[in-house]
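The values are calculated or read from the model by the stated rules, or taken from the named source; none is laboratory data. It should be emphasised that the depicted structure is a prediction, and the values quoted were computed from it without experimental measurement. Cβ coordinates were reconstructed from backbone atoms using ideal geometry, including for glycine residues, and neighbour counts include every protein chain displayed. Keep in mind that these areas ignore ligands, DNA and RNA; they rest on the heavy atoms of the full protein, side chains included. Shrake-Rupley method; radii C 1.70, N 1.55, O 1.52, S 1.80 Å.
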Amino acid sequence: FKELRYAFSFSLEKKIDERTSISIEHVVGEFAGLRRPNEYIGLEIDDPYGIIADDIFNDGANGQKFVTTFNETDVLLNYNLNSDISKLIKTEMPENLSIIVKAGFGLSQFRSLRTNLYTDEYIYSHGYEELTKNESDVVSESVMVFGGKIKYKMISGVSLLLDYTLRVNNSDRWDSSIMKSDNAKDKFSLFSLGLAYDLGTVASKDKLID
């Protein structure tokens, strides 16, 4: 079972001034995780279907896994730290390198399925029909987004992006959790590599042609 999963994103960014910008980002992908029986020791378990005890407490219990598929749209405020870093280290940052932090909010739509680690038997889910693996309506959650990225300009209008983003929702449903908790907030992180294209370079070229 692989916990490392993949996602793809697309974003549009509008510059406000030299340091700040606003962007809209859409992400599609999945994430996954597992939990061994010994990780439930001392925790209160929610067993609405009466099928979990054998999977956790019996000798030879395997543990559990979950897989969540999601698509999410975020609104982000981005802030370029170059000037602040230059003042701190008393050295000018390279013109083709930008270090940026970001924060915002979004809406995540997802389906999450928790099963036995090895037998793949159903345990709990969100976005699936009760006690089955048949998909039903997606679940929607509000999300808080925090992160940072490094932007390296390679050629005119094209930059390489290295991005790390943490997403936090307002419930304990992303992983179809079976633990009782009143204030739990699920979170997951996404590390990505991509390209950014400056659409302003297209407009500049069109003006030169005219």
For this session: Out of the residues in segment 123-135 that are touching a residue at least 60 places away in the same chain (Cβ under 8 Å) and not β-branched (Val, Ile, Thr), state the one that is surrounded by the fewest Cβ atoms within 10 Å (Cβ to Cβ).
Result: LEU131
Problem set entry | All strands (runs of 3 or more DSSP E) inside segment 75-192 with 2 or more residues being within 14 Å of the chain's Cα centre (by Cα) and either farther than 22 Å from GLU3 by Cα or of a type in the set (Ser, Thr, Tyr) (or both) | 97-116, 139-155, 158-169
For this session: Scan segment 100-117 and give yes if some residue there is at pLDDT 95 or above, surrounded by 15 or more Cβ atoms within 10 Å (Cβ to Cβ) and over 26 Å from ALA184 (Cα atoms), otherwise no.
Result: yes
For this session: Look at segment 1-39 and say how many of its residues are open to solvent by less than 100 Å² (accessible area, probe 1.4 Å), basic (Lys, Arg) and more than 30 Å from GLN64 (Cβ to Cβ).
Result: 1
Problem set entry | Hits in segment 176-210 (condition: open to solvent by 100 Å² or more (accessible area, probe 1.4 Å), of a type in the set (D, E, K, R) and at pLDDT 75 or above) | LYS185, LYS187
For this session: Quick one: ASN78 ticks every box in (1) surrounded by 18 or more Cβ atoms within 10 Å (Cβ to Cβ); (2) without any contact (Cβ under 8 Å) to a residue 24 or more places away in the chain except a single one, so which number is it?
Result: (2)
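Here's the yes/no breakdown for (1) under 18 Å from LEU193 (Cβ atoms); (2) open to solvent by 60 Å² or more (accessible area, probe 1.4 Å); (3) of a type in the set (Phe, Trp, Tyr); (4) touching an Asp or Glu at 6+ places or on another chain (Cβ under 8 Å):
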residue	(1), (2), (3), (4)
ASP137	no, yes, no, no
GLU141	no, no, no, no
MET154	yes, yes, no, no
TYR164	yes, yes, yes, no
VAL168	no, no, no, yes
TRP174	no, no, yes, yes
For this session: Looking for whichever is acidic (Asp, Glu) and either at pLDDT 95 or above or under 21 Å from TYR164 (Cα atoms) (or both) here; the options are GLU121, GLU72, GLU95, GLU39. Which one fits?
Result: GLU72
Problem set entry | Selection count where residues are within 30 Å of THR20 (Cα to Cα) and either polar (S, T, N, Q) or in contact with a Gly (Cβ under 6 Å, 6 or more places away or on another chain) (or both), scope segment 101-141 | 5
